[in-house]
Each structure stands twice: as structure tokens, then as C-alpha cells.
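For reference, the structure is listed below as C-alpha cells.
Each reported figure results from applying straightforward, stated rules to the coordinates on display, with no laboratory input. Quick caveat, the model's predicted, so the values are computed rather than measured. Cβ coordinates were reconstructed from backbone atoms using ideal geometry, including for glycine residues, and neighbour counts include every protein chain displayed.
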Amino acid sequence: MKYFPIVFSITLSFLNATGAWMMSQRSHGELKWNTIATEHFDIHYHAGIRDIAVKGASMAEQIRPVLMQQMGLDTLRRLDIAFTTEDEILNGFATPGNYTVIWVDQNDAGLWTGDEKWLRTVLAHELQHLVYFNTVKGPWWLPEPMNSLVTGVPGWVVEGLAEYYTEKWRPFRFDISHKGHVIRNTVHRIQDPHNDGFSKSLYLADRFGDSTITKILNHRNKAGFLYFESSFKKYTGIKLKQFNEDWRRHMNTFFYGQRAQKERLEDVGKVHKLPMKRVAAFDYFPDTMRIAMIGQMSKGQRDLSLAVATRDTAKERKIWKKRVKKADKKEEKPKKVRPKWKLKELDHGIFGELIINLDVSPDNTSIVYPKYRYGGKQSLMYGIWKLDVETKKKTLLISSMRANYPKFSPDGKKIAFVAH
């Protein structure tokens with residue numbers, strides 16, 4: 001055990017150095033890289049995306065002084081930005097090592113950012129992370145990642161401030177998640193710091209002011225490093241635990257108030273439950289006896305399952321006969337039998353980025369859907385698969401481009417899809 005702190009620190013350092021390539025598990029050594037040097041940045045890019053790199057370089061120089069002013073930072077070392085389009089990853093990745101990797105040219109970016117360009121959104125967000133890391137860095141004798149462990153800054157602060165300073169409140173990223181957690185009474189247990197981070201940062205700024213955020217992060221104790229909880233109490237007057245509880249009540253009040261102004265589902269129409277938990281997408285077969293669904297088959301499942309639920313009419317008739325017989329004896333009206341389903345998994349994986357999707361053919365024989373996979377040169381991308389419902393045979397239809405959102409034509413002879 002005496003060597004544990006050393007081993008732990010070295011392991012974290014290696015993970016920090018590995019950085020963004022952990023997401024794809026590929027470093028793409030076949031790519032040829034170039035560098036654009038600006039006044040404050042080194043912009044790295046591979047063949048085919050120079051135009052994007054030039055735009056990104058200009059944006060970075062314009063964004064930098066604004067982010068520094070927001071965080072109360074007077075000086076900032078030279079930073080590295082790497083742009084890549086090799087993997088279909090709607091994300092960026094910044095590290096305390098003063099560099100960020102950003103994936104550009106993404107299919108679902110328009111759904112995420114709305115009327116704003118993906119490059120501007122992701123670049124500003126990741127640069128804010130780099131400015132943040134330089135704001136909270138410790139003394140020379142406490143380098144990263146040890147400094148991050150000591151400061152105790154919650155994950156929601158790291159992600160929330162990047163969203164608060166550089167983004168707008170959007171349905172896909174924040175609003176839908178909050179509504180779901182409010183209904184389930186789990187707002188205080190939101191696990192993804194991207195979700196509760198923005199609303200907590202908004203609440204913090206609204207209640208105590210932007211200048212308080214800057215003071216909290218720039219404060220240092222006698223040892224010369226930031227200890228977040230004590231700094232938070234010093235400049236807000238309340239403990240972090242109390243702030244989290246106040247925020248939870250505020251969110252519940254707001255969203256329940258919003259919900260109270262809307263119709264109930266029961267007022268709109270009849271509600272039917274699908275025969276699968278946590279369904280992300282579904283489509284009825286034209287014969288109405290089966291439902292194709294993508295969701296979780298069991299609690300704790302990390303990926304998703306593609307399954308078909310088949311109506312078990314034989315079981316329904318058996319139950320109905322028993323109820324009729326029992327009701328006749330009591331001279332009562334028999335209760336209706338709810339639909340009974342047989343559920344069978346046909347595939348599993350990741351079936352879409354922002355919107356999980358699938359489509360059943362008009363003749364009931366096939367299902368088409370996107371699925372995440374390693375493509376050419378081991379690049380992560382979505383491909384379109386066709387599944388024969390009877391034989392369970394899966395055929396990869398689109399393998400050489402980023403393809404998503406497949407849809408059968410009305411006659412079932414053609415398949416339309418979106419591709420980059």
C-alpha cells in the first residue's frame with residue numbers, strides 16, 4: 001500500500017497524456033499532420049481540413065481574450081489545438097496539458113447547436129476548459145493531475161462554466177434531461193456534469209454574480225493552492241452542500257411550475273406502455289402484431305438492444321377464457337386482457353448519436369438502422385445495417401461513409417439516408 005500513491009499518480013499522468021484518443025482507442029498514425037502558428041496558438045490538422053483549421057485559428061484568437069477576462073486571468077501560455085475529422089465523434093477533449101483535440105464535420109451537429117456553427121461552439125467550449133485549467137492551477141510543487149485531486153472542484157463546475165460562458169441553453173443538451181430528472185425526483189442525482197453543470201452555474205451567477213465565480217476560482221489558501229469548498233463558502237457565505245440543495249429546490253419549483261401549465265398525457269389521448277424499459281426508439285410493424293424497439297433489456301445495461309416484441313395472442317385468449325369463466329360464476333363483466341408480448345433481442349450496440357432511430361419495411365420482413373462501428377482505417381463511424389426479421393441475418397449496406405437515419409421508401413424498394 002505504501003507505493004499506491006505513486007502508482008496512482010503515474011497512472012493518472014499516463015491517462016492525461018493519452019487524452020482524447022482514449023475515446024476512439026485509435027491514434028491514426030497514417031495521418032499526415034501540419035501546423036499553423038498564430039500569435040497565441042499552434043493549430044494542428046491533417047490533410048483535407050486546412051480550411052477548417054484556418055477558420056478555427058481565427059476563431060481561437062478572437063475567443064481567447066474574452067475567456068481570459070471572464071476568468072480573471074491576466075496571462076495565458078501558448079496553447080495547442082488539434083482538429084481531426086477522422087472519427088465520427090460529436091465532441092472535443094481538453095486536458096490540463098494545455099491542448100485540446102476537436103472532432104469536426106459531424107452529422108448531428110446541427111441538431112445539437114441549432115443556428116450556431118459546430119466549430120464555434122465546440123472550440124469556445126474546449127478553450128474555456130484550457131483557460132479554466134490555467135486559472136485553478138496550483139503551485140509549482142503540485143502539478144497536474146495531483147492538483148485537480150487536491151482542489152476538490154466538482155465536475156459540474158468544470159463542465160458547467162464552459163457551458164455558461166460559451167453556450168446557450170438547449171433542449172438536447174440540458175432541458176430534456178432536467179425535465180426527466182424532475183419527474184423521477186432524481187435532480188440531485190444527475191450523474192453527467194454536463195447536464196446539471198450549466199443550470200448550477202446559471203443559478204450561481206444569478207444569485208451571487210459573475211464576479212463571485214471569478215473570486216472563488218482565483219482564491220488560494222496559505223499553502224498556495226485552491227481548496228474549492230472553503231473558497232466557495234468564503235465568497236458565497238454558504239456551504240457547497242447547502243447550495244446544491246437550494247439549486248435542487250429551485251429546479252423542482254421551476255420545472256413543476258412549467259409542467260403544471262401543460263396538459264396531462266391522459267388528456268391528450270390513451271396512453272399505452274411499450275413492452276420494454278427505457279425505450280429510445282420504436283416502430284410498429286405494418287401488421288400491428290409486432291414492435292421493433294431500441295432500448296435496455298435489463299437494469300444497468302451499458303449499451304442498447306435492438307429487439308422485436310411479438311404479440312402473444314394465444315396467451316391472451318387463454319387468460320380471457322379464464323376470466324370469462326370466472327366472471328360468469330360471479331355474474332360479472334370480465335376484465336379486459338392487456339396485450340402480452342414475447343421479447344427477443346436481435347442486435348446490440350450504439351444505434352445513433354443524438355437521435356436513436358430505426359425503420360421497419362412496409363412488407364414486415366426487414367429492419368434498417370444505424371450502428372456505430374470501426375470503418376476504414378479503424379475510424380469510428382455509423383454504418384447502416386439491414387436485418388432480416390425471419391433469418392436474423394444482418395447485412396451492412398453502407399460501410400464507406402458516415403450514414404445515419406435510414407428510411408424505407410413507401411414501396412420498400414429503396415432506402416433513403418443521411419450521409420456525410
As a footprinting exposure proxy, order Leu127, Leu343, Leu226 by other Cβ within 10 Å, with the fewest listed first. Leu343, Leu226, Leu127
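On full extension of the chain, what length is gained from Asn91 through Asp192, given 0.36 nm per residue of separation minus the C-alpha to C-alpha distance? Mind dumping the intermediate values first?
Values: separation 101, 0.36 × 101 = 36.36 nm, distance 1.46 nm.
My answer for the length gained is 34.9 nm.
Quick check on packing: order 331-339, 202-210, 288-296 by the mean number of other C-beta atoms within 10 Å, highest mean leading. Don't skip to the end; give the middle numbers.
On the way: 331-339: 11.3, 202-210: 16.1, 288-296: 19.0.
Descending packing order for the listed peptides: 288-296, 202-210, 331-339.
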Computed from these coordinates, which is Cα Rg over 2.2 N^0.38 Å: (1) 1.04; (2) 1.25; (3) 1.20? (3)
Which ordering of Ile415, Ile384, Ile183 is given by a fewest-first count of other beta-carbon atoms within 10 Å? Ile183, Ile415, Ile384
Which of rounded, prolate, oblate describes the range 19-260, given a ≥ b ≥ c as roots of the alpha-carbon gyration tensor eigenvalues and a/c under 1.5 marking rounded, otherwise prolate only if a/b is larger than b/c? oblate
Extend 7 Å from the Cα of Asp175 along its Cα-to-C-beta direction; within the range 231-263, residues with backbone N under 20 Å of that point are 250-263
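Could you please rank Ser201, Ser298, placing first whichever residue has the fewest other Cβ atoms within 10 Å of its Cβ? Provide the component values of the computation, followed by the final result.
On the way: Ser201 21, Ser298 8.
Taking fewest neighbouring Cβ atoms as first place, the list is Ser298, Ser201.
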Beta carbons within 10 angstrom, averaged per residue: use that to sort the peptides 266-273, 372-379, highest first. 372-379, 266-273
Nearest-0.05 FRET efficiency for Arg120 and Lys233, computed from C-beta distance (R0 45 Å): 0.80
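Work out the length of the dipole vector of the range 17-99 about its Cα centre, built from +1 on the beta-carbon of each Lys and Arg and -1 on the beta-carbon of each Asp and Glu, and round it to the nearest 20 debye. Spell out each step's value before the answer.
Numbers: 7 positive and 10 negative charges, 20 e Å.
Taking the Cα centre of the range 17-99 as origin, the dipole is about 100 debye.
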Build a GNM of the chain with springs between Cα atoms under 10 Å: which of Pro410, Pro154, Pro96 gets the top mean-square fluctuation? Pro410
Using the beta-carbon distance between Asn221 and Lys321 and R0 = 51 Å, what value does 1/(1 + (r/R0)^6) give for FRET efficiency, to the nearest 0.05? 0.10
Using a basic spin-label model with each label point 7 Å from the Cα along Cα→Cβ, how many nm lie between Glu30 and Asp74? 5.1 nm
Cα gyration tensor shape of the range 269-323, rounded if a/c is under 1.5, else prolate or oblate by comparing a/b with b/c: prolate
Peptides 306-317, 30-41, 101-112 ordered by average Cβ neighbours within 10 Å, highest first: 101-112, 306-317, 30-41
Here FRET efficiency (C-beta to C-beta, Glu331 to Asp287, R₀ 35 Å, nearest 0.05) is 0.40
Please report the relative contact order for the chain, taking Cα pairs under 8 Å with a sequence separation of at least 6, and give it as a percent rounded to a whole number. 10 percent
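Under the classification rounded if a/c is under 1.5, otherwise prolate if a/b is larger than b/c and oblate if not, where does the range 82-202 fall, given a ≥ b ≥ c as square roots of the Cα gyration tensor eigenvalues?
Working: a/c = 2.22, a/b = 1.15, b/c = 1.93.
It is oblate, given that a/c is not under 1.5 and a/b is not larger than b/c.
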